[in-house]
Amino acid sequence: MNPITRFASAARSLGALLVQPASAHCDTEDGPAVQDGYRALETGNPNYALKWVFPEGEDEVRAAFDAARASRAGAGAGAGDRHFLETLVRVHRHGEGAGYEGIKPTGTELAPEVVAADTALDSGTVSPLRGLIAEDRWDELEKRFNVALCKKGFDVDDLTAARDYVAAYVSYFKYAEGEDEHHHHGGHDHGQH
């Protein structure tokens, strides 16, 4: 690797480390946890949301879901939905060992690695991340991507499989964002998924 390529790779890695708190997208309106929360409310199936939380947090999220669904017939529908979504994301972030500062609005700017990681999972190829991830991290990234991709076809009513996918998804995303250590999802150490 020539010096310019090394410098560019190091700058990208450093940049990813510096923007990590803002780049997490599970706490954005457009992010997968919130979108699955909306899907749960619309379908009446809480499992779309519950896959994002550890089993110990399930009761709190389920209670917020039930309250939101019950309030939909009345004037408090919007407030009930919002409380449910806030609870879902807060409990999910807690399971990751991360802080929670509310749901960020639609259009929140995300790191290019985050956008590319989503595109990669949607397209089934890790290539959108080429040039954004340092070459020395590529083998591990591909492993985590392949694990998440293989687990993507879960049955939403199989919460064990659904949570296993989310754990693999989180591991893949955290690595794409530049975090090397093993991460927790669901309050349990899943190691490298």
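Read-outs: derived from the displayed coordinates by stated rules, not from any lab. Quick caveat, the model's predicted, so the values are computed rather than measured. A quick note on method: Cβ atoms are made from the backbone with ideal geometry, for glycine too, and the neighbour counts reach across all protein chains shown.
Going by amide H atoms built from the backbone, whose H comes under 5 Å of the H on LYS104, apart from near neighbours?
For LYS104, whose amide H was placed from the backbone, the distant partners under 5 Å are THR28, GLU29.
Find the centroid of the Cα atoms in segment 71-86 and in segment 90-121, then give the distance between the two in whole Å.
One Cα centre to the other: 23 Å.
Over the Cα atoms, compute the radius of gyration (one decimal) and Dmax (the largest Cα-Cα distance, rounded to a whole number) for segment 34-193, in Å.
Using the Cα atoms of segment 34-193, the pair Rg, Dmax is 16.3, 55 Å.
Report, as a whole number in µm² per second, the diffusion coefficient that Stokes-Einstein gives for segment 32-95 at 4 °C and 1.567 mPa s using the Kirkwood radius over alpha carbon pairs.
Working: Rh = 11.1 Å.
Estimated via Stokes-Einstein, D reaches 116 µm²/s.
If each residue's Cβ is checked for other Cβ atoms within 10 Å, how do GLU29, GLU96, GLU135 rank with the fewest at the top?
So the residues, fewest neighbours to most, are GLU135, GLU29, GLU96.
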